[in-house]
1. List every residue pair whose Cβ atoms lie under 9 Å apart, where the two residues are 6 or more positions apart in sequence or sit on different chains, the first residue falls within region 90-109 and is over 20 Å from residue 156 (Cα atoms), and the second residue, located anywhere, is open to solvent by 100 Å² or more (accessible area, probe 1.4 Å) and not in a loop (DSSP other than H, G, I, E, B).
2. Residue under question is residue 134, and the condition is that it be polar (S, T, N, Q), part of a loop (DSSP other than H, G, I, E, B) and within 27 Å of residue 30 (Cα to Cα); does it hold?
3. Being over 22 Å from residue 120 (Cβ atoms) and among the aliphatic types (A, V, I, L, M) is the filter; apply it to region 68-104 and report the residue that is modelled with the highest pLDDT.
4. If I filter region 146-193 down to residues being among the aliphatic types (A, V, I, L, M) and over 25 Å from residue 115 (Cα atoms), which single residue comes out as most open to solvent (accessible area, probe 1.4 Å)?
5. Just give me the residues in region 81-131 being outside any helix (DSSP H, G or I) and surrounded by 12 or more Cβ atoms within 10 Å (Cβ to Cβ), in sequence order.
6. Checking residue 107 against (1) at pLDDT 85 or above; (2) touching a helix residue (DSSP H, G or I) at 6+ places or on another chain (Cβ under 6 Å); (3) among the charged types (D, E, K, R): exactly one of these is not met. Which one?
7. Of the residues that sit in region 8-30 and are open to solvent by less than 90 Å² (accessible area, probe 1.4 Å) and of a type in the set (A, V, I, L, M), which one is farthest from residue 71 (Cα to Cα)?
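The values are calculated or read from the model by the stated rules, or taken from the named source; none is laboratory data. Bear in mind the structure is a predicted one, so any value in this text is a computation, not a measurement. Don't worry about glycine lacking a Cβ; one is built from the backbone with ideal geometry, like all the others, and counts go over all protein chains shown. We work out accessible area using only protein heavy atoms, side chains counted, and drop any ligands, DNA or RNA first. Shrake-Rupley method; radii C 1.70, N 1.55, O 1.52, S 1.80 Å.
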Amino acid sequence: MSIFKKDKPTVNEATTIYKQFESVRTYKRSMEFEKNWKKFIDFVEDRQWSYTEANKNMPKPQHNVIKFAKKAKTSAVLSDTIKMVFEPMETVDQEDIANEAADMLNDATDQTLEEIEQPRIDAEVISDAFTLGTGFSHYFWDKSIVGGYKTLFKGSMNGEVIDPMNIFPGNPQEKDKDKQPYWIITYRDMIAN
């Protein structure tokens, strides 16, 4: 997946992207997100006492209320399944055709959500959001997906959960995702790819 019109960025494009990446990474470090996220994860996973030097030789009683709260909140959010439903707009003629088209779109949407494992993505994003304070899902056109029996196809929608450490918004202070000047998503890959 590339944001470029060609396969490889020019040196100038790559330099610009790297400078943007460094700018947001510097901001994240100044806010101590990496350090704090580790603490948050440890706290949710019942390692609350590991950060106090004063009591390292004392007993450490634990009753993980946070784990219970996370389960309860996650269940509450996931109990209502969000679904995309298509309905024909006001039609004068050919209402049957419009209803049939809406049904086909509904079936295609259900199939796509099943293929990308949307419930799993939702659960992971909610878990990240509860633990770290934010969660990200990313949807994209995946050219590596191929299939079909009678009509072959190449490419389909896909989705993934992105670790907050690997996403870099153009303006970390802007809450509205649509107003971001750019997004940078980092990941590891083989050089051959």
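1. 91/97
2. So residue 134 passes the test.
3. Looking at residues that are over 22 Å from residue 120 (Cβ atoms) and among the aliphatic types (A, V, I, L, M), I get 104.
4. 191
5. Answer for region 81-131, where residues must be outside any helix (DSSP H, G or I) and surrounded by 12 or more Cβ atoms within 10 Å (Cβ to Cβ): 86, 88, 116, 117.
6. Exception for residue 107: condition (2).
7. Only one residue tops the list, namely 14.
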